[in-house]
1. Across segment 1-35, which residue is farthest from Thr222 (Cα to Cα) among those that are assigned to a helix (DSSP H, G or I) and not hydrophobic (A, V, I, L, M, F, W, C)?
2. Restricting attention to segment 270-318, which residues are among the polar types (S, T, N, Q) and modelled with pLDDT under 95?
3. Could you list, in sequence order, the residues of segment 204-251 that are under 22 Å from the mean Cα position of the chain (by Cα), more than 18 Å from Leu292 (Cα to Cα), surrounded by fewer than 20 Cβ atoms within 10 Å (Cβ to Cβ) and not acidic (Asp, Glu)?
4. Scan segment 264-285 and tell me whether some residue there is out of contact with any helix residue (DSSP H, G or I) (no Cβ under 8 Å at 6 or more places or on another chain), surrounded by fewer than 20 Cβ atoms within 10 Å (Cβ to Cβ) and assigned to a helix (DSSP H, G or I).
5. Could you tell me which residue of segment 1-23 is surrounded by the fewest Cβ atoms within 10 Å (Cβ to Cβ), considering only residues that are within 23 Å of Thr61 (Cβ to Cβ), modelled with pLDDT of 95 or more and small (Gly, Ala, Ser)?
6. Among the candidates Leu224, Leu203, single out the residue that is farther than 25 Å from Val100 by Cα, of a type in the set (A, V, I, L, M) and in the same structural domain as Ala10 (by TED's automatic domain parsing).
7. Is there any pair linking a residue in segment 1-19 that is in contact (Cβ under 8 Å) with a residue 24 or more places away in the chain to one that is in a loop (DSSP other than H, G, I, E, B) and basic (Lys, Arg), with Cβ under 6 Å and at least six apart or on different chains, and which?
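The values are calculated or read from the model by the stated rules, or taken from the named source; none is laboratory data. Keep in mind that what you see is a predicted model, and the values were worked out from it rather than measured. FYI the Cβ positions are ideal-geometry reconstructions off the backbone, even for glycines, and counts take in every protein chain you see.
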Amino acid sequence: MATVLVTGGAGFIGSHLVNVLLRLGYKVRVVDNLSSGLVENIKHYLKNPMFEFIKGDLKDTRVCAEAVKDAKTVFHLAANPEVRVSVAEPKIHFSENVVVTFNLLEACRHEGEVEKFIFASSSTVYGDAEVFPTPENHILKPISVYGASKAACESLICSYAYLYGFKAAAIRYANIVGPKLRHGVIYDFLMKLRKNPKKLEVLGDGTQRKSYLHISDAIEATLLITNKLKGKFETYNVGNEDWITVKEIAEIVSSVLGLKPEIVFTGGTPDGRGWPGDVKFMLLSIDKVKKLGWKPKYSSREAVRLTAESLAHELSFK
């Protein structure tokens, strides 16, 4: 049986994808250096004969070669997920995102068995969009090195797909949330409230408004895109049909914990962003993926609340 490779498979999105792939009967190989992924997310599969785990860094070309061997489909999710990191250390996102993607593509080229290459891109490739909801054909003007690295990876993948005979898709995810999430605003708010349940500091002016999608919806869309992939290279937005402010998220997380803290806004950048490079408004057009037969089951507000409840339980808040 052909192998499905999931890079970053011990991470948040990756581990949820692995769960579903194994349930569907696929033979799954995960490669992860565990820099942000957690072995706890996949340890229950380590003795499963349909599962293989490679602890390794894809900056090492030998690891890439081992990872893609016999793989027909590659889900490339490995990346440094922290957008803020690129402000102080832009080289991190170049090496962890662009170099790793190039190495993986080279391994696919030399092995020659990969038929589909699915890349976890990001809504940050659009930067400060001029149109809402933002369609896939909107100009790419990333305002963070993270967003730029994702756009660069998309270009590399597109060229390799045309040159070396496999089909590829770049999935531009909105903010994906759900159980096992260990970064981002919901997790940060929970950690802050654990330290001080009477006061919650919010980066920016609180009016930042973005789309949030539950992980179950994201995985369903990802597999549908993979199964229906026809062109050499396609881009898909995967997000929600609504959006929610950071202030509303702070209120939902506080409510889930049964708290009524004083919510304090730092102001952030002069125009109210949380940090330089933070996209203040994001709402993706999902018309293209809806035409494949998918639509989200949970709204942004529902996804945020479900996630806050899951994390509160996982982190022993209640």
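1. This residue is Arg23.
2. Passing the criteria: only Ser316.
3. Arg209, Thr245
4. no
5. Gly14
6. Leu224
7. Close Cβ pairs satisfying both conditions: Phe12/Lys180.
Every residue, every condition in (1) in contact with a Phe, Trp or Tyr (Cβ under 8 Å, 6 or more places away or on another chain); (2) among the polar types (S, T, N, Q); (3) over 23 Å from Glu302 (Cα atoms), yes or no:
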| position | (1), (2), (3) |
| --- | --- |
| Ser159 | no, yes, yes |
| Tyr162 | yes, no, yes |
| Lys180 | yes, no, no |
| Gly206 | yes, no, no |
| Ile215 | yes, no, no |
